[in-house]
Amino acid sequence: MAEISNNICCECGACCAYFRASIYWGETDEATPGGIPMEMCEKLNDFFVFIKGTNDVPPRCSALMGIIGKSVHCSIYDKRASVCREFTPSWENGEPNPRCDKARAAHGLEPLTPNHWPKPGNFPKAA
Ligand code: SF4
Ligand code: SF4
């Protein structure tokens with residue numbers, strides 16, 4: 001799922017309302033202090049849980065606040081799971097992410113392009 005750590009994702013949130021966010025139970029706060037709150041999760045099997053809402057039809061993570069495609073934030077940002085932290089928006093690292101594109105398309109949003117990201121020469125100069 002999305003790492004909502006940049007303006008682009010804060011104006012999107014599509015992946016948080018498209019994929020089931022399955023998490024190894026060891027990432028919950030039952031096993032790891034400061035982990036994702038177990039109360040936000042439901043059991044998937046003996047080893048995995050999923051974040052509530054992401055297995056619904058249609059899916060929407062219960063931690064996702066705001067309006068998709070406009071303005072969103074993650075209410076458990078500091079405690080979100082690795083699956084969320086590791087999900088990269090297309091072209092953030094110079095490569096497309098087809099899963100990002102797919103989630104955005106499902107919510108009527110165009111895929112990101114390299115032009116969505118600052119180019120090296122466009123960063124403001126230090127004072
Ligand atoms: S926990 Fe946060 S980052 Fe992860 S799917 Fe939910 S809203 Fe998105
Ligand atoms: S779908 Fe892509 S752009 Fe949208 S929140 Fe997820 S990672 Fe960010």
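Computed over neighbours whose Cβ is under 9 Å from that of Lys52, the net charge equals -3, Lys and Arg +1, Asp and Glu -1.
May I ask which of Lys43/Lys79; Lys79/Lys102; Lys70/Lys119 have a Cα-Cα span longer than 22 Å here? Don't skip to the answer; put the middle values down first.
On the way: Lys43/Lys79 18 Å; Lys79/Lys102 25 Å; Lys70/Lys119 24 Å.
Pairs exceeding 22 Å: Lys79/Lys102; Lys70/Lys119.
A crude spin-label estimate for the pair Glu11 and Asp29, with each label 7 Å from Cα along the Cβ direction, gives 3.3 nm.
Across the protein chains, with a 1.4 Å probe defining accessible surface, the residues Ile67, Ile36 rank Ile67, Ile36 from largest area downward. With the whole protein complex present, Tyr18 retains an accessible surface near 80 Å², based on a 1.4 Å probe.
Counting only DSSP H runs of at least 4 residues, each contributing -39500 (n - 2.57), and dividing by the residue count of the chain, the helix-based mean residue ellipticity at 222 nm comes to -3000 deg cm²/dmol.
Extending 7 Å from the Cα toward the beta-carbon at both Lys119 and Met65 defines two label points whose distance is 3.7 nm.
Ordering Trp91, Ala21, Pro58 by the projection of their Cα atoms onto the charge dipole of region 7-116, which places +1 on the Cβ of Lys and Arg and -1 on the Cβ of Asp and Glu, puts Pro58 at the extreme positive end. Legend: residues Trp25, Trp91, Trp117, sorted from most to least accessible area (1.4 Å probe; ligands, DNA and RNA excluded), read Trp25, Trp91, Trp117. Given the options Thr54, Thr88, Thr32, state which has the largest fluctuation in a GNM of the chain using a 10 Å cut-off (strictly under) for Cα springs. Result for the chain, Cα springs under 10 Å: Thr32 fluctuates most.
Given a 1.4 angstrom probe, what's the average accessible area per residue across the chain, in square angstrom? Don't skip to the end; give the middle numbers.
Values: 7700 Å² over 127 residues.
Here the per-residue accessible area is 61 Å².
Rounded to the nearest 0.05, the FRET efficiency derived from the C-beta distance between Asn45 and His107 at R0 = 41 Å is 0.90.
With R₀ set to 22 Å, the beta-carbon distance separating Glu95 from Lys52 gives a calculated FRET efficiency near 0.10. For the chain, just run the numbers: alpha carbon Rg, then divide by 2.2 N^0.38 Å, N being how many residues it has. So the chain has a normalised radius of gyration of 1.12. Expressed as a whole percent, the accessible surface of the chain that belongs to carbon and sulfur atoms is 54, based on a 1.4 Å probe. Rounded to the nearest 20, the Cβ-based charge dipole of region 7-116 about its Cα centre (Lys and Arg +1, Asp and Glu -1) stands at 260 debye. When the Cα positions of Thr32, Ile76, Leu44 are compared along the charge dipole of the chain, Ile76 comes out farthest toward the positive end, with charges on each C-beta of Lys, Arg, Asp and Glu.
The values are calculated or read from the model by the stated rules, or taken from the named source; none is laboratory data. Just so we're clear, the structure is a prediction, and the values are computed from it rather than from any experiment. Because the Cβ atoms are built from the backbone with ideal geometry, glycine has one as well, and the counts that use them run over all protein chains shown. The protein model used for the area step is the full one, side chains on, heavy atoms only, and it has no ligands, DNA or RNA in it. Shrake-Rupley method; radii C 1.70, N 1.55, O 1.52, S 1.80 Å.
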